[in-house]
Amino acid sequence: MSDPFTLRRLAPALALLTATFTAAPALAESGGRAIVIPGRPGVPIIINGRDASYAMIEGDWGLERGTHVQPTIYGSRRVVYPEVGHYYPGSNRLPGYGRLEIEPPPDRKLPKPAESFHQSWEVESRPPQPAPPSPMIEPQVLIAPPFDEPPRPGPRPYR
């Protein structure tokens, strides 16, 4: 088994075998039949009004398909939805329709009129404030050499 010729033939065969076993589950999942197993116990999987939990489904369907084909479901049962009534928690009775308004008689005693009330607001800008006086700071005096002196010998500055 230590022959180099045998190892050269064994390496591609092993690579082909690995690729086959890696790609086989992906090819098996791309259509055909599938068994539906719920992700949470007690929560049914409803497809087209049928409980498809632990049933076999056949057909091309799901997000991976470009066309819609109705799946065939084997071993499912129809879901019967319960009759839902109305629930009113306060009194368990159906509330009245609209608002309950009582029209007072026209010859009733009227309340005294309310006192007058008026309120207004105004907005103005404040007048500009004078700038605070700045202290007089004397500038520093630098004495520069005169320009008419001949340049000193030495290296020239980099330009």
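The values are calculated or read from the model by the stated rules, or taken from the named source; none is laboratory data. Every value quoted in this text rests on a predicted model; they were computed, and no experiment measured them. The area values use the complete protein model at the heavy-atom level, side chains included, leaving out ligands, DNA and RNA. Shrake-Rupley method; radii C 1.70, N 1.55, O 1.52, S 1.80 Å.
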Exercise. For Ala19, which of the numbered conditions (1) modelled with pLDDT under 85; (2) open to solvent by 90 Å² or more (accessible area, probe 1.4 Å); (3) not polar (S, T, N, Q) fails to hold?
Worked result: (2)
Exercise. Is it true that some residue in the range 42-52 is open to solvent by less than 80 Å² (accessible area, probe 1.4 Å), at pLDDT 75 or above and on the phi > 0 side of the Ramachandran plot?
Worked result: yes
For this session: Looking only at the range 70-123, count how many residues are among the hydroxyl-bearing types (Ser, Thr, Tyr) and at pLDDT below 70.
Result: 3
